[in-house]
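Single-structure report; data block below.
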Amino acid sequence: MIDEKAQTLDINTSPLSSQAMSLVADDAKKLLKTGVLQTQLLTNPHFALIATDQQGVVQVFNAGAECMLGYQATEVLNAITPAALADPVELINRAQALSLEFGTSIAPGFEALIFKAARDLEDKYELSFVDKEGRRLPAMWSVTALRDQHNEVIGYLLMGIDNSSRKRVEEDSKRFFSVSQDLLCIASFDGYFKSLNSAWEKTLGFSCEEIMAKPIIESIYPEDREDTLNHIQKLIAVPVTDKQLYENRYLCKDGSYRWLLWSTTVVVEDQLLYASARDVTEYKEAREALLKNNIELQQAWTEAEKANRAKSEFLSSMSHELRTPLSAILGFAQLIDSATPPPTPAQKSSVDQILQAGWYLLDLINEILDLALIESGKLSLLLEPILLEEVMCECEMMIEPQAERRGITLSFEQRATEHVLHADRTRTKQVIINLLSNAIKYNIAGGTVNVHYATSKLGFIRICISDSGEGLPPEKMAQLFQPFNRLGQELGCEEGTGIGLVLSKRLIELMGGTIGVESTVGKGSTFWVEFKLSAQSLSNAISTENLMDNAESVKVEKKSPTILYVEDNAANLMLVENLIARRADLNLISTLDGHAGIALARNAQPDMILMDINLPGINGVNALQILRNDPLTAHIPVVALSANAMSGDIEKGLQAGFFRYLTKPIVLDQFMEIVDLTLKHARTKLANKDSTSTDQKV
């Protein structure tokens with residue numbers, strides 16, 4: 001029976017737990033009492049087994065003891081007691097501790113090793129033995145008294161397990177515990193700290209002894225105590241292996257507090273909490289400051305948005321208010337200039353002055369408003385494939401009259417037919433015209449302006465505009481592209497605002513390009529702009545002109561096409577009436593407000609409608625929607641004619657469904673081109689509708 005149990009003990013594993021060691025010792029005692037000593041006990045190298053007689057002389061010294069202490073069994077059997085192998089200092093300390101515990105003097109020899117076992121008291125202790133080489137080996141020892149059948153002590157059994165590895169781990173842990181920058185602690189379930197490292201003193205200002213002497217809860221900031229208790233109770237009630245993060249405040253000796261971020265592990269068996277904390281006070285303060293700054297920034301951003309909206313509304317309003325009188329001035333001046341019979345030379349000179357000043361004022365308004373839009377980030381661009389040759393031809397035609405008046409010879413290189421730009425058509429023309437205009441204005445009498453192209457880098461084309469002017473010295477070159485800086489020309493006879501180049505630079509950059517200049521005093525300057533080339537091939541890029549020419553047009557004979565003009569401004573209405581009166585093939589009807597315009601459109605069925613935006617009663621955009629939703633008027637093209645000339649206004653108008661969007665002041669030729677285009681579109685749409693109706697009847 002005893003043999004079977006001994007053989008079932010798993011004593012060949014290492015290391016042995018204290019419980020396993022006790023079981024082994026109990027069975028070893030029984031085996032010795034019966035005179036049977038299993039080979040397993042003697043040959044197992046994982047624990048030391050030393051048996052002595054009643055006087056303490058070694059009788060058994062197994063293989064594990066030999067491995068641990070370096071002695072052969074033959075060297076110690078019947079020769080010494082285990083006390084001779086123990087560390088004398090630790091043996092003295094053990095004897096003193098036992099003497100205090102039991103109130104009697106105990107000698108620091110073998111008696112100190114077997115004192116409690118001889119009285120049948122469970123005894124496990126840590127004691128270092130010294131091996132044959134003189135090295136100290138800490139070990140956990142269990143001592144059992146061996147008795148005969150009469151219960152008389154016949155010897156003692158000492159079983160030891162090498163504790164060196166655990167001691168090294170403990171020492172390393174203590175070393176880490178002392179040098180760690182984090183706050184390390186062990187707390188018991190009774191609410192007190194059991195161990196703290198020095199980081200606590202550095203962080204809170206209290207000594208570790210002061211902190212450990214009072215309940216943990218007293219060290220916690222009052223407002224965080226209840227929440228902390230709830231957190232700890234949850235940890236104890238439902239222990240988890242994963243570390244639990246938690247944040248609270250601890251009181252400092254100077255009356256302040258520090259934020260600690262905790263990582264906690266619960267050991268239920270020992271009723272201990274093992275935790276580390278990191279001081280995150282600076283992080284918390286920085287985060288709170290950042291949140292506060294974010295709130296302030298958000299408020300500032302909101303205020304800036306309000307200011308931007310107010311600015312945009314102001315600009316839009318100013319644009320409308322300035323353009324309305326200009327529309328009348330320039331419109332009637334153009335009518336006088338093109339009247340039959342023509343004006344007298346004196347009248348012609350006066351009209352030219354009016355037109356020159358009016359167009360200059362309009363350019364000034366446009367440039368200032370455009371620059372304001374760019375600065376506020378509100379300018380929208382329509383980037384699309386456009387034919388470079390077509391754009392340059394249009395610019396050439398627009399700038400030729402100015403060059404002729406100045407006696408400047410223009411030369412355009414005809415080599416860019418295959419290039420397709422990725423840009424905004426209107427803004428591209430605006431930049432090129434500005435550079436051409438400057439090249440003409442600041443040239444010498446009888447000078448030249450040459451336009452040529454170069455491939456500057458992959459995916460871009462450079463347009464170079466060279467003049468034969470005086471050129472710019474380096475100090476003036478450095479001042480280019482500065483708002484309202486005309487480089488000393490403000491005292492000259494040439495008109496200008498000093499923002500044209502600045503505006504051109506911003507527009508080019510918004511389209512993904514660059515602008516620059518090269519100049520030599522006495523030889524002239526070359527301004528260049530680089531545009532992105534479109535990935536779309538030439539065959540896929542269709543110009544606006546081609547779209548007009550290629551549109552299927554079915555001519556429908558109809559005398560006197562009717563145009564309905566809805567306008568509340570008497571001067572603008574009179575201007576358009578005078579323009580249309582010059583065309584015998586056109587008929588104009590008009591009304592002063594949106595509601596009347598809708599009613600008149602339903603009754604008169606005009607071929608096209610000219611619609612002002614700012615109308616009394618109902619604005620032009622809302623009137624357009626009503627016309628679009630009415631089957632009687634849905635087919636009639638509506639063209640906006642408004643002083644709301646901001647790019648955003650134009651974009652919104654086209655999105656709302658206007659066929660075209662004309663801005664005031666009116667340019668006569670452009671106005672009549674749009675009228676003819678709109679009437680052509682109306683005839684085509686009507687013809688297609690009639691053709692579809694005929695097909696359905698057949």
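The values are calculated or read from the model by the stated rules, or taken from the named source; none is laboratory data. All values derive from a computational prediction rather than experimental measurement. So basically every Cβ, Gly included, is an ideal-geometry build from the backbone, and we count neighbours across all protein chains shown. These area figures cover heavy atoms from the full protein model, side chains too; ligands, DNA and RNA do not enter into them. Shrake-Rupley method; radii C 1.70, N 1.55, O 1.52, S 1.80 Å.
A few remarks follow.
- Shown are R249, R506, R136, whose ranking by accessible area with a 1.4 Å probe and every protein chain present, most to least, is R136, R506, R249.
- Accessible surface, 1.4 Å probe, highest first, among residues Y661, Y257, Y250: Y257, Y661, Y250
- In summary, the convex hull built on the alpha carbon positions of region 45-139 has an orientation-averaged projected area of 5.9 nm².
- Convex hull of alpha carbon positions in region 46-96: directionally averaged projected area 3.8 nm².
- Spread of Cα-to-Cα distances over 10 Å intervals beginning at zero, given as percent, for region 337-474: 10, 31, 34, 20, 5, 0
- Charge context of L183, other residues only, Cβ under 12 angstrom, K/R +1, D/E -1: 0
- The Cβ shell under 13 Å around M212 holds other residues with a net charge of -3, Lys and Arg each +1, Asp and Glu each -1.
- On a per residue basis, region 556-638 carries 45 Å² of accessible surface, using protein heavy atoms and a 1.4 Å probe.
- The accessible area of D669, taken with all protein chains in place and a 1.4 Å probe, comes to roughly 120 Å².
- Environment charge of A640, counting only residues whose C-beta is closer than 14 Å and scoring Lys/Arg +1, Asp/Glu -1: +1
- nm² value of the averaged projected area, convex hull over the Cα atoms of region 592-631: 2.6 nm²
- Pairwise label distance in nanometres, R136 with D363, each label 7 Å out on the Cα-Cβ vector: 10.0 nm
- Cα-based Rg and Dmax for region 108-162, where Dmax is the largest Cα-Cα distance (Å): 12.7, 41
- Listed residues D630, D254 arranged by accessible area, highest first, probe 1.4 Å: D254, D630
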